[in-house]
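Structure, as structure tokens:
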Amino acid sequence: MRKALRFTRKETHGANLIPRERTGRWIRVLWIPTIVAWCVQPWLALRNHFHHSAHDLAWTVVGLVGAAICVSATTATFSCWREMGRSWRIGIDPEEKTRLIFSGPFRIVRHPIYALSILLVLGTLATTPTLVMLVLAIVHLACLQFEAHREETYLLGKHGHVYADYMKRVGRFFPRASSFAKSSSR
């Protein structure tokens, strides 16, 4: 949220925090409360943890691994934002044609920020293994899939064969063996 507000102050086009197109606005009606609830869940679970003394070493290890994944994914997300520079947006603006980014983590996956968000929600689920967190993770993953598909449709329309070729070479959220091999040989 802070990044979106700072970006909007610096850039004339804004971050599209509230997308200009209807579908983007509607998906936010589901997605924003999901993200807010996701942020609250670990705190609620921590509070309940202190009220219940059941302590299982295996779950503690899983939780610590999940926390390490969360910290790593968050740190890597900042790197992706820097790589995108002025092309970073939260939503689609049908009137805009941003520059395509093929460098950094975008050499390996088309949606590295979403891929990191997948790791982040799964890491949170590992630290907070509750039914509510599981449902939130499923909803968030579905929203990521939906939004990635919408962005790809938009980018194909704006950039044509350049983006289509990129889609053939590079995986959506996970590296393809061929794209990872090519990027590591450079």
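The values are calculated or read from the model by the stated rules, or taken from the named source; none is laboratory data. Since the model is a prediction, treat every value here as computed from it, not as a measurement. Reconstructed Cβ throughout: ideal geometry from the backbone, glycine too, with neighbour counts over all protein chains shown.
Looking across segment 81-108 at every residue that is at pLDDT below 90 and assigned to a helix (DSSP H, G or I), the one that is surrounded by the most Cβ atoms within 10 Å (Cβ to Cβ) is identified as M84. Scanning segment 1-31 for residues that are surrounded by 12 or more Cβ atoms within 10 Å (Cβ to Cβ) and among the hydroxyl-bearing types (S, T, Y), we see that the one that is modelled with the lowest pLDDT is T8. Has segment 109-119 got at least one residue that is assigned to a loop (DSSP other than H, G, I, E, B) and surrounded by fewer than 20 Cβ atoms within 10 Å (Cβ to Cβ)? No: segment 109-119 contains no residue that is assigned to a loop (DSSP other than H, G, I, E, B) and surrounded by fewer than 20 Cβ atoms within 10 Å (Cβ to Cβ). In this entry, H161 passes the filter for residues that are more than 20 Å from the chain's Cα centre (by Cα) and modelled with pLDDT of 95 or more. Annotation note: Cβ proximity below 6 Å between a residue of segment 64-80 that is over 11 Å from T127 (Cβ atoms) and a residue that is part of a helix (DSSP H, G or I) and among the aliphatic types (A, V, I, L, M) (sequence gap 6+ or interchain) occurs for A73/L116; A73/L119; A73/L120; A76/L116; T77/I113; T77/L116; C80/I113. Against the list (1) within 21 Å of R172 (Cβ to Cβ); (2) surrounded by fewer than 20 Cβ atoms within 10 Å (Cβ to Cβ), the condition L134 fails is (1). Only one of the listed residues (T34, T77) is at pLDDT 70 or above, surrounded by 17 or more Cβ atoms within 10 Å (Cβ to Cβ), closer than 21 Å to P175 by Cβ and hydroxyl-bearing (S, T, Y). That residue is T77.
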